[in-house]
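Laboratory data are not the source of any read-out in this text; all were calculated from the coordinates shown. Since this is a predicted model, take the numbers as computed values, not measurements. Note that we place each Cβ from the backbone using ideal geometry, even for glycine, and neighbour counts take in every protein chain shown.
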């Protein structure tokens, strides 16, 4: 290793360590911080970010990065430098004036959004929405792009992915998915009666922990707690913390929430420990991360083999509620499909349609094809066109998500990229592991986890998402077809309908 | 405010914010971090310290500090700068070679101490002990002192306090305390039967929380959790976290542990919020901090009025255990005195004797009057001379505490300074609040807390410990007499003995 690279890595270590501390501060705030600590925590996070930013944008950092890039010969060093360069660019390209202005604007916008959602007053939120989109467009200009300002935004969450790719993806997904939703609407509904009863908290927590242990989450290197909004936060591969949310009347929330966050958690625990606190550690993009959470939540967790394996355990925890029910009943109940207004409560089929409309709306607002004032109408029309329902108000419509107020623009598509990539991986896994179904039926999730560890997790952030897909699938690019086929295949059987 | 001072404060804010983050990382590690996260956490803490150290010792920091000192006119600015100057000196006076060497040596020494304590092999620990004391002596030389190298060490924990002062303090305490212990040994023993039964965990936790609420701890700005070693950690006055430890067969551990940490916690919560994350925030020394914890634990918590107020609540939580017992029984039981080998289990009377011997031993090792190889014999002899008992082995003797292996030399006396200062304050409070006893009997702790807030807490770190004592007592210096009088007064009544 050249001297410049060694020095550069020494320069990076504290910065990435401080980033990992930031994750922990965030986790702490969501999970257990006393309510009075909010403003002190904001100061701590601001101090950390300021220090990281000044270390990253220091001229010494830049010149050593350049020297290291010139001297790098080994592939892994080049990957290290590529990832560090991305972080440098993200930090250096934005003038601090803009960063501060956006931080202030989104902080005010989130506050205004909370109020507007509570009172169903889109108009009071509109000026904030406008400001956030204007500032975000400015961010895109500073970051730079070749075709579409939205490219610069999605690139932050999904490096190397373009608006054109997402457009193409959704063009392929939308028609067959709308057809599937319509087909299901005309079919005989599935019974979910077994889920419509109270399940005590303690049992829910016990079952979540059981499931996470079963799928291979290592509790010596992680935790499960509760928070208002479930999430997974990793400060390193040896300290991965997930949360779920418990509702006595909605046992699926903790089951699938835990499996979802567990998927994120397994990916983070699979990042090589020697890369901890370096530009190579952790998941390579939000979309690839979401492929892991969605795979364990839906492809595994909403499958019949999975419930054949784990329904007995659930029944032993909830003997009264589950008396007389079978694994098949559970499998059918958790696959109930019905168009609904709220994204986070949507089923596996309709979920993607929620994402597509959000993507189109934010893309058009960034491209100035849609004025924020016209958002509620555009929202309601798109929902009518795809899901066949119309929100009764903006609370249940365009005011439901925090993302836009918080400046998370370019973020929504990563949810669908996750589903699409999960389906691509699932197809490949099916070929590589002919016994997958019987293994899962036997409660043996190790072959699947080993496959993911070997073909995806161990690359962590040394790859771009496109490379991760290529590597794991044996040469594929982002492709919507496996996902569409998977959904049609699964749900046409469940609902006894024919694909046209 | 001058421009230099404004700039200097802007420079300090991120540093003190990062220090507060370090407190949180420590708390997290002790309370809930997954076991696998240890080495990653060490890297995070090292990165934080490195950044803080380099920000503190930056030439820009030094020159701006000097400018600010020249321009400061307002008293509070001068205090701010004095506290910042202390931090600068502590950081700048030690060569980084020595800091690293000591960190490595103490880390190895702690490991060796754990083993040596487990196996009762002082000899395997001796070379580490020797190294730690040698390096600490070197630290003292770099810090500088006028009379005794030990002065430089105690100054870190108790700014402005000298070896001569501690010597004088303990010369005054030792004879009357040894007399008291001997007097009690010849008296009729107190019954502690009521404590010698199991108290379920849940009730203990409930009662601890009740007591902390009763004495005025604000749970909106703090937490109570469990950890192996109870402590209080504050990242700001709005986020103060305490822990206690539960043992089913030792209910006093959680009661007095919580009151003790609660005393620390109240002091931290009383630090003015506008000073958070600045050199003015938090407690001004370990000794003054300990005066607060000891006051609530012993002066309040081990008093008859306190148990008259709270024994009914305890009995309603533990009706079976406490049936037939009275507040007086509880008061007597928690004041059982008996010489014993282990400091952390010692009672209010013998505790100070444990401290005096540790102080004399570490002072003599720093002054090269005592060779570390002779420590076990010297330890056992001192214990014989003061407490009249001789440890059966080094496990229960000189190997019992972690402090020396961890380089905490100059730290032990602060425990006793705490008791002494608490007694001085208690005497003054008794004069200022004539209804104190009846207030406490009525469960009203507000007048006491208000007094402490007004006369001590609100000064936080804007004062040196000597100034804090002077301010709160109305002009006194550190004085052992109130403490000796308090102990003799309380225990001569309890044990029906006469002060010679």
Separation of segment A:258-332 and segment B:410-474 by C-alpha centroid, Å? 55
Using only Cα positions of segment B:3-92, each an equal point scatterer, no hydration layer, compute I(q)/I(0) via Debye at q = 0.11, 0.24 Å⁻¹ and quote the log10 values to two decimals. -0.39, -1.14
Hull-based mean projected area of segment A:31-171, where the convex hull spans the alpha carbons, in square nanometres: 12.6
At residue A:342, label 7 Å along Cα→Cβ: distances to the other copies, nm, ascending? 5.2
Sequence-separation-based contact order of segment B:342-498, relative, with Cα cut under 8 Å and 6+ spacing, percent: 20
I'd like the orientation of helix B:446-455 relative to chain B: the angle between its Cα long axis and the longest Cα principal axis, in ° from 0 to 90, rounded to 10. 30
Inter-copy distances for residue A:10, label 7 Å out on the Cα-Cβ vector, sorted ascending, nm, one decimal, are 3.2
Helix B:351-366 axis, angle to chain B major axis (alpha carbon atoms, nearest 10°): 30
Across all Cα atoms of segment A:109-500, Rg and the largest Cα-Cα distance (Dmax), in Å, are 20.7, 61
At 1.002 mPa s and 20 °C, plugging the Kirkwood radius over alpha-carbon pairs of segment B:342-408 into Stokes-Einstein gives what diffusion coefficient in µm²/s? 176
Take B:19, B:351 and order them by how many other Cβ atoms sit within 10 Å, fewest up front. B:351, B:19
Going by how many other Cβ atoms sit within 10 Å of their own, how do B:463, A:114 line up, fewest first? A:114, B:463
Would segment B:206-317 count as rounded, prolate or oblate if I go by the C-alpha gyration tensor, calling it rounded below 1.5 in a/c and otherwise prolate when a/b exceeds b/c, oblate otherwise? prolate
Fewest-first sequence of B:291, B:340 by Cβ atoms within 10 Å of each Cβ: B:340, B:291
For the protein assembly as shown, what proportion of DSSP beta bridges, expressed in % and rounded to the nearest 5, is antiparallel? 45
With only helices counted (DSSP H, runs n ≥ 4, each -39500 (n - 2.57)), the per-residue ellipticity at 222 nm for chain B, to the nearest 500, works out to -20500 deg cm²/dmol
Looking at the calculated P(r) for the protein assembly as shown, what percent of the C-alpha pair distances fall above 37 Å? 57
Between helix A:163-185 and chain A: long-axis angle, C-alpha atoms, 0 to 90°, nearest 10: 10
Average beta carbon contacts from partner chains per residue of A:26-32, 10 Å cutoff: 2
For segment B:408-454, treating each Cα as an identical point scatterer without solvent, what Debye log10 I(q)/I(0) comes out at q = 0.19, 0.20, 0.30 1/Å? -0.66, -0.70, -1.07
Only bridges whose two residues both fall in chain A count here: according to DSSP, what percent of them are antiparallel, nearest 5? 45
Shortest first and in nm with one decimal, please list how far the residue B:185 label point sits from its counterparts in the other copies (point 7 Å along Cα→Cβ). 9.2
